Structures are given as structure tokens and as C-alpha cells.
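The values are calculated or read from the model by the stated rules, or taken from the named source; none is laboratory data. Note that the coordinates shown come from a computational prediction; the quantities given were computed from them, not determined experimentally. Cβ sites come from the backbone with ideal geometry, for glycine too, and all protein chains shown count toward neighbours.
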Amino acid sequence: MKYFSRVFRGTLRRTLRLTACAAILAASSVLAQSSLLQATPAQPVAYVLDLSAPEQHLVDVQIFLPAGAAQRELQLPVWNALYQVRDFAQFVNWVRAKNRAGHPLPVHELDKSRWQIQGAQGGAIVEYQIYVDAPGPFGAQLNEHHAFLNLAQILMYPVDARNWPLTLRFSHVPNGWHIATPLRSERDAFLADNYDELVDSPVEIGNFAESDFDEAGGHFRVIIDADPADYDMARIVAALHKIVIAATTWMNDRPFDTYTFIYHFPRGPAGGGMEHAYSTAIDLNADSIKQSLAALTGVTSHEFFHLWNVKRIRPQTLQPVDYTKENYTRALWFSEGVTSTAEGIIELRNGLLDEKHYLDQLSEEITELERRPAHLTQSAEESSLDAWLEGNSYYRRPERSISYYNKGELLGVMLDLQVREASHAQASLREVLQWMNANYARKNRFFNDSEGVREAAEAVSHADLASFFSKYVAGTEEIPWDDFFRSVGLRVEAIANNVPDPGFIASRNFDGPMSVAAVTPGSAADHAGLQVGDTIVELQGKPAGQESRQELSELSSGDMLVVKVHSRRGGDRELKWKVGSRQEISYEIKDLVQVTPAQRERRIAWLKGEAQNSDAATSGAAPAWVETEGAAPTGANASGVN
Ligand SMILES: [Zn+2]
């Protein structure tokens, strides 16, 4: 996924890289009385979602449980998509249950997200109402315009039947709305083999535009819910073609028959993408895609590559998904960060990025990491474990945390260079990922977090890479950039600049007040009496708000800053001080003074994402370790890896 407000980017481009069926009710009640509630566990669990109240953002859910145990438990996930506990149960207005004859059954709340029902031996119908109005690829929303649903946020699962097949129907779908989802369908129902597969399948319902294309032997659907004046479908489809070709040839694999891209281009703030095994959902601000498709191709390359890395090449620690609490993993530096590394390679391979812009982007990533003091105290693995803290502003401070996207992407680049060197250019990151695809994903195995990555990197390079992993992945040693980049004729230069400094950092939580998070000791702001925890009411005579960040960024050293604050110890005060300056260091990747022909050749291979001396890799033929023939479609490991 990409969660743009968390990923720190220097430039604009990188900042951005943040039918209805009338007979449904009748059909479902027939099902309830006949086949569904008979005492065979193979009967599907049937969900019916009533969309008759879009203006109130309310969905009425019915779950038809087959006959079985008398006592059942139903669980609503506490998290989904984002690695943040969001407690979707807060939106459940009420829960009831009845038996097949319509008699009420007792419902007992066990904890905030789990309910128990009694007397369900003959089958039961659980009903509840849930409020859904969270926009974006990590949300669930029903409004008068459309519905976009991450189903884990609204559907409870029977705890004893999470692996049972199930059906999904929608009732009272507003006139003219259509349904798009990667789920397969039969008559009026969508089908899934189990709950995990169901909730890995986002659903768009509305009046969207659709296109499709075939590429690399697969079928691709493109669903766009946006103002047609804001985008050009043909241009987007052409860009998606390029991404699909670059990614499938790089992995030498296409583990699906059909894949669905779902886009929203809202006029307001947006930016993010969520990966799924057979689809992705991406939101981008409408203005940002009018100027250039760079943001769209970047996030799409990232989410598309996730169909391998994290959906199929999956850490053991994320499996099975624990919907009841935090699902801790040390591997997000790889599953997210190295997906960003692959995003860069895909864009280089398909011509959407050139060498200069790629190296500029890497320079920004190095600057971002080096500027955060926490790179010396929090490892990439710890940052992965602590993902669950990202909703908290203190945690996001540069002194407290690094980003597993940021360091993980750089570790992917360094691992690529290290494997090339250790294998004498016989292997690269491509072979590491193909090895993991062949030995984990295609064998329905999960990898053992960083150890599993090391196993793959050592297998393809025939070298001991323990020190790389202990120093830079598990540890917090400074990464010796020049040592890694030398082989491709590059070095990293630190450049100091004087920049204006108001002497404090403030942050806001969504539309909350702007509060002072840090004051530089000894600064003019400190001397003026500004304190951590003060609320900034006015800045330069204007109410503090969304624009204050811009206001601050336009100040020069020596300018007078006038700030009205409300102190926690009471009272409003007006404070004035002169903007100071501080030294800021930027890092730039540059050519070595003399680049040898050998270094130049290694750089060309590196920027193509190909091993230099491996015939198998450069020709794109299946390497020896790929047992299954190249691009044979397989759904084999799909159901277990959501
Ligand atoms: Zn991601």
C-alpha cells in the first residue's frame, strides 16, 4: 500500500506518491429456507448487503449462517488495509439474530468487536446496521454518488467458519449503478472460497467508466470513478499496458488470469493505493493527474508489484491474518520498501523514468533517511513492528521513527548492488525476487521475515550476507553509501545549505488545532517563550490552519514572526521573534570523478534491473530454479495468501 501522509517525499511528484437485482431479497429468503440452513458445513455463509440508505451512509447487513453448533461467535475485524487498529465496531449501530423460523435468538457481546449467539443449531440469520462513510482505498463508503467497499470493514465473519465458502449479494442498489469487483459471480451472487478471499476483493458500485485490455496473456479491467473531464482513459490504459509488460517480464510470471484496476480521482485531498491479490484500488487528486501521469504510474507500479511481493511472496508473520489485534511483522521494510525499489525498476524498464530522474529520487530518499535522527536508533525491522504507531503524531517525529518505506526502498537498492557484487554480476535483486516467487509463493510457503529474504539473497549470490542483514536491516549502522555505489561509478555527496528556521515544529491531527511539537533549545522562539504544547491560534495575524504551513515555508531569515498562542497553563499571549537560520544537509548521488567502462556497463545493467552476466536473466527466459513453466496462470496459492 501507499499511505501518502506517512511517506515523506521531497518533490511534488513524490509527495503525491501519496447491477442491481430486484429479486435479491426474494432470492435470499428462498435460499435461507431451502439449501442454506441445512446441516452440512459445506453450505456457504451468505451475506446480503442492503444499500437502500446511501444518503445516511447506512448499510444493513444480513448473514445467513448454515446449521451447525448451537453457540456461534461473530467477529468484526479491528483493522484492515492500513496497519492501524481502527476498530470498525464503533460504526455498528445494533446487532440482532433470529432462527430460520424468524424467532429472535439471544445476542451477547463478548468484547467490542465480537458477538455470541445461542440457539443457532438449525442455522441463523444475524442482522446489523453499520455506518460507512470513510473515503479512499483504505476505507468503506456509501453515499449518494457511489459505494466503495473494503469488505473487512463492514462484514463480520463466523469465527468457526472463516474458511467456509461464501456468497455475497447486494439489495436495493440505486438505479443505474453497476458493480465492479474482482470476485467471480454466478447469477445474482458473488462467490468467494473463504472470508480472506472475500475481503481481499474491493467492490465499487456506482456509475463508473470502464475499459479493458489484454496483455501478457492476461485480461485487465480498468474501472474509473471520476469526472470524465479530469482524465483521459486512453492515456491511462496505454500507461497500464507499459507497467504490466515491464513487471511481468521482470518477474517472468503472471500468476492470475484477470486483474482489476480501480481508480478514484477526487477534487479534494487524495493520495494512496491499496494492493490486493487480483486488483488494486488507487485514489489520486484530480489536478495532480491532469498535469502528469507520473503520480499515477508510480503508485500503480507499486500496487501492481504487490501482487507478488506481499500478496504471494508473503511473510509468515502476516499469515494467517489476525483480524482481532495488531498483526506484528518485522518484514514491512521488504514487503513495502522493496516494493518501492521494484516500482523504480519497473518505471526505468518501461521508459517512464530516466537515469537522471531516478538518481534524483534516490538522492531524496537518502536525504530523507539521513535527516531523521532516528535512523541511528530505530532499525528497519523495528520500524516494521512499530507500523501500528503511525497514527500518532509524536511517533512520526524525526527523532522517534524512520519510515520502513523509505529505508526499505534504499535497502532494496543496496541489496541489489550487494548481490551483484557478491555474485560477480551473475545475480541481482530480480533473481532474489524470482527465487522467492519460485520457492515460497509457488510452493504455497511463506517466508521467515528478514531471514527468508537472506536465504533467497544467499541462494542466488552463493555468498554469506549475514553482515548486511545484521548491520542494516536488524541494526542501525550508518549505510556506507559510497561503498555500495562505487561498483556502478557513483558516490553520494553531502551538501550543506543555510535555510530559514522559525525555531519550532508544529503539527495538526486532521482538522484539529495546530500545536507546538518541538521548540529548538536556545532559539529565538525559545527565548520568546514559546513552549511545547502551546496551541497556535494566529500566525502573522491570520488564524492558524491549513495555510500556515505554506506561510511558514515562505519566511526568510531575519523576517519578524508574530504568533498568538494559547498556553496549556492558561491565557493567550502574543509572541514575536526573528526567524533564524540553520544548516540543512542534502545528499546527492553523483558520478565518480572517473567512471570506468566496466562501471558504466554495470550501471546500465543495474538500471535495467538485470543481472549482467546471467544469460537466463538477460534473455528473460525462466531461470533454472523456476520449476513451473514461466507464465502459466495459477490461482493455486491465491486463496491462502490474502
Ligand atoms: Zn505498498
Checklist line | Hits in the stretch 343-360 (condition: within 16 Å of the ligand (Cβ to nearest atom) and either over 17 Å from His241 (Cα atoms) or not hydrophobic (A, V, I, L, M, F, W, C) (or both)) | finding: Glu343, Gly344, Glu347
Next item on the list: Note down all Cβ pairs under 8 Å where the first residue falls in the stretch 267-280 and is under 15 Å from Phe148 (Cβ atoms) and polar (S, T, N, Q), the second is near the ligand (Cβ under 10 Å from one of its atoms) and part of a strand (DSSP E or B), and they're at least six residues apart or on different chains.
Entry: Thr280/Gly273; Thr280/Met274
Notebook entry, point to check: On the given criteria, is Ala286 over 22 Å from Pro202 (Cα atoms), over 18 Å from the mean Cα position of the chain (by Cα) and of a type in the set (A, V, I, L, M, F, W, C)?
Noted result: no
Notebook entry, point to check: Given Thr280, Thr260, Thr248, which one is within 16 Å of the ligand (Cβ to nearest atom) and either more than 18 Å from the chain's Cα centre (by Cα) or over 24 Å from Leu607 (Cβ atoms) (or both)?
Noted result: Thr280
Next item on the list: Go through the stretch 455-465 and give me each residue that's farther than 14 Å from Leu433 by Cβ and assigned to a helix (DSSP H, G or I).
Entry: Glu458
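Conditions tested, residue by residue: (1) part of a strand (DSSP E or B); (2) modelled with pLDDT of 95 or more.
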position	(1), (2)
Tyr587	yes, yes
Glu601	no, yes
Gln612	no, no
Ala617	no, no
Check: When both residues are 6+ apart or on different chains and their Cβ atoms are under 6 Å apart, which pairs have a first residue that lies in the stretch 301-327 and is closer than 23 Å to Arg430 by Cβ and away from the ligand (no atom under 11 Å from the Cβ), and a second that is at pLDDT below 95 and β-branched (Val, Ile, Thr)?
Finding: Arg312/Val641; Arg314/Val641
Note to self: Return the residues of the stretch 156-202 that are surrounded by 21 or more Cβ atoms within 10 Å (Cβ to Cβ) and in a loop (DSSP other than H, G, I, E, B); say none if nothing qualifies.
What the structure shows: Met156, Val173, Thr181, Pro182, Leu183, Asp200, Ser201, Pro202
Checklist line | Residues satisfying the stated conditions in the stretch 67-92, i.e. of a type in the set (S, T, N, Q) and over 16 Å from Gln141 (Cα atoms) | finding: Gln71, Gln75, Gln84
Check: Out of (1) at pLDDT 95 or above; (2) within 28 Å of Val222 (Cα to Cα), what's the single condition that is false for Ala295?
Finding: (1)
